[in-house]
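Inspection log for the structure reproduced underneath, given as C-alpha cells.
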Amino acid sequence: MIRHPLAAAVLAASVTVVAGTTAPAQSPPAPPSADGDAARFSYHRTEEGFARLDLRTGQVSLCSLKSSGWACQAVPDDRTAFESEISRLQSENVALKKALLDRGVPLPSGVKPEAAAPADPG
C-alpha cells in the first residue's frame, strides 16, 4: 500500500468528486412555494415590460406598469384564431361549391363536388 499512495489519493479524490456531482442530481426537486407563482411562471423582459409564460397552461401574458400598478393581459392564442378561420373558410367553400352546382355551373377541373368535413381543431 505504501507503493501506491498517489493512486490511493487520486482514487479518493475521484470518488469525492463523483459523489459530489451526483448527489444534487439525485436529490428531489424543491417543492413549489406557498403561492406557487415562482414555480408556475417564467418571466422574460420585453420593451414594454415583461412577457409572462404560465408553465402549467402555456398561456402567455404581457405585463406592464400602469398608473394603478403592474397589470398583465393575456395574449390571444393565434392557433385558436387560425383554426377558427380555417373552419370558417372550409364551410364557406362548401357553400360556394353547392351554390355553383345548384345553378348548373361546372366546378373547375380537379375540384371535388362532395363536401369535406372540416378538420377538428384540436
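Read the figures in this text as sums done on the coordinates, not as results from a lab. Please read these numbers as outputs of a predicted model, since none were measured by experiment. As a convention, Cβ positions derive from the backbone with ideal geometry for all residues, glycine included, and neighbour counts pool all protein chains shown.
For region 57-118, give the magnitude of the charge dipole about the Cα centre (Cβ charges: +1 Lys/Arg, -1 Asp/Glu; no others), in debye to the nearest 20.
Roughly 120 debye, rounded to the nearest 20.
State the extension gain, in nm to one decimal, for the chain segment bounded by S42 and F82, taking 0.36 nm per residue of separation less the distance between their alpha-carbons.
Gain on extension, S42 to F82, equals 11.8 nm.
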